[in-house]
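Just so it is clear, none of the values below were taken in a lab; they were calculated from the coordinates. Please read all numbers here as calculations on a predicted model, not as lab measurements. Neighbour counts are summed over all protein chains in view; Cβ atoms, including those assigned to glycine, are modelled from backbone coordinates with ideal geometry.
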Amino acid sequence: MKPLSERIKRISPSRTVQLTGVIENLRRQGRHIINLGIGEPDESPPQAVVSRTVHALKGGQTRYGPVSGARALREAIAHKFNGYTAQNILVTNGSKQALYTALQVVCNPGDQVIIPRPCWVSFCEQIKLAGAVPVLVDTKAHQLNFEAIESAVNTRTKMIIINSPNNPTGAVYPGDVLGKIADLAIKNDLYLISDEAYEAFVYDGWTYNSLFDFPHVRDRLVVAGSFSKIHRMTGFRIGYAAAPEEIITAMARLQSHLTGNVCTFVQQGALAAAGIDPSEFDRWRNELQKKRDMTLEILGDLPCHIPRGAFYVFPDVTGFLKDGESAEALATDILQRAGVAVAPGEAFGGEGHIRICYALAENELVRGLEKVVHVIKQRTGEKAT
Ligand SMILES: Cc1ncc(COP(=O)(O)O)c(C=O)c1O
C-alpha cells in the first residue's frame, strides 16, 4: 500500500493529549490517579452556561448555522475589542482551531514563524502543517528575550506567536515588552498571533496586557481567544479569532470546508458565558492564586520562577534527574510509583522541567503534590546510595 502523506509523517502527536490516554488506561485498571498533568480546571462550567446550552438543545437549535458563528455571539465577543464588530470575529472549535486556521491563511511553505520557548505543545506542529518552519527562541527566566527574538527575524520570517499568560510557564509579559514586539512586527512587516487562552488568570495585582492594546499593530494581529479555561468549558470546544476583516474572511473560507459552524447549541452556552460580569471571576482568581502559593510552598526545594498567570508551575527538576535521565522519565516514574501525573517539560520544549497544573480541588492538589515531593526525595536517596 502507498504510504500516508509526508505532511502527517512530520507531525508528532500532542503529548499532553497522549498523557490523558495513559491516565485513562491506568484508571481502567483500577488505579487512582491524581492528574496534575492536564491543562484543565476541574470545576464545572457556570450554571448559566449549562442552562442556556440545554435550553437551546431542547429548543431545537440543532441545525447548521452560519460558518463564522451566530451573529449575537460574534457581536458579544466583538465588544471586548475596541472598534471591532461581528465582521472581525470568527467563532471556532476551541482556540486550537483559531490558531490552526490563522496559520493556514497567513503562512506560505518555507515561511518562518517565531515562537518563544518553552511553548504550548501544538504551535510547532500547527506551523509545520501550514508548510512553514517553527523558529524557537529561548526565553530568559521565562520572560521574552526581545534581543534574541529580534536577532531571529530575517527575510523569511512571516509571523511571531505570543502567548501570555503562558502555558507551560505561567509567565505574564509586561506591556513595554509587548510594545517592542509590536514595533518589531511593523518594522519587519510581520504578522502576529496573540494567544490569550488564559487572559483572566493574572495574579499578584499584575495587569493583563495584550498586543491588541497597541492600535498600530491591529492590522497584522490575530487574537486567539478561548472559552475553555476561563469559563471552564473545555469539552464544549469553543473559542474564537479576532482580527482584521480580510483575515477573518479568509479564515472563514477555510473553516467552511473544514468544520462549518461550531455546534449550534454550544454557541448559545458561550453567549451566556460572554454575558457573565468579569468581576464574577475574582473569587476563582483569588482561589487559584492561593493554590499557586500552596503549590510553590509544597514544592519547596524545586527551583521555580514565580508564575504570575495561567494555572501552571514549571519547576526545574534537572537537579533531581539521574545521569542522562530526561524529565519525561521522571514524570513516568512519578506516575508509576505515586499515581500522580505531571506533564514532562520536553512536551513544551522545556527540557529538565515538569509542568504541574494547580486548578484542582485543594485536597486532591495537596495530596498529589506531597506524593510528587515524596517520590523526588525517595529518588534523591536512591541516587546517593
Ligand atoms: C496556550 C494555549 N493555547 C490554546 C489552547 C487551546 O485551547 P482550546 O482549543 O480548548 O480553546 C490551549 C489549551 O491547552 C493552550 O494552553
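Relative contact order for segment 47-277: what percent, with Cα pairs under 8 Å and sequence separation of 6 or more? Spell out each step's value before the answer.
On the way: 436 pairs, mean separation 70.2, N = 231.
In percent, rounded to a whole number, it is 30.
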Item to check | Top of Asp316, Asp183, Asp301 by mean-square fluctuation, Gaussian network on the chain, Cα under 10 Å | outcome: Asp301
Checklist entry - Most exposed first by the Cβ proxy, i.e. fewest other Cβ within 10 Å, how do Lys322, Lys9, Lys96, Lys229 rank? => result Lys9, Lys322, Lys96, Lys229
Item to check | Net dipole in debye of the chain [+1 Lys, Arg Cβ; -1 Asp, Glu Cβ; about Cα centre; nearest 20] | outcome: 1240
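Out of every Cα pair in the chain, what percent are spaced more than 38 Å from each other?
Value for the chain: 18 percent of Cα pairs lie more than 38 Å apart.
If Lys and Arg each add +1 and Asp and Glu each add -1, what is the summed charge of the other residues whose beta carbon sits under 14 Å from the beta carbon of Leu335?
Numbers: positive: Arg15, Arg27, Arg31, Arg337, Arg355, Lys371, Arg379; negative: Glu24, Glu328, Asp333.
Spelling it out: positives minus negatives among the neighbours equals +4.
Around Asp195, with a cut-off of 12 angstrom between Cβ atoms, what is the net charge of the other residues, counting Lys and Arg +1 and Asp and Glu -1?
Details: positive: Lys96, Lys229; negative: Glu196, Glu199.
That sum, taken over residues with Cβ under 12 Å, equals 0.
Can you compute the helix-only [θ] at 222 nm over the chain? Use -39500 (n - 2.57) per DSSP H run of at least 4 residues, normalise by all residues, nearest 500 deg cm²/dmol. The partial results should precede the final answer.
Numbers: 13 runs with 157 residues, N = 385.
Rounded to the nearest 500, the figure is -12500 deg cm²/dmol.
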Checklist entry - Which entries in Lys80/Lys291; Lys291/Lys371; Lys9/Lys229; Lys128/Lys158 show an alpha-carbon gap greater than 25 Å? => result Lys80/Lys291; Lys9/Lys229
Checklist entry - Taking each full run of DSSP H in the chain as one helix, which ones are at least 15 Å long along their axis (Cα atoms) and have mean Kyte-Doolittle hydropathy of at least 0.5? => result 175-187, 264-274
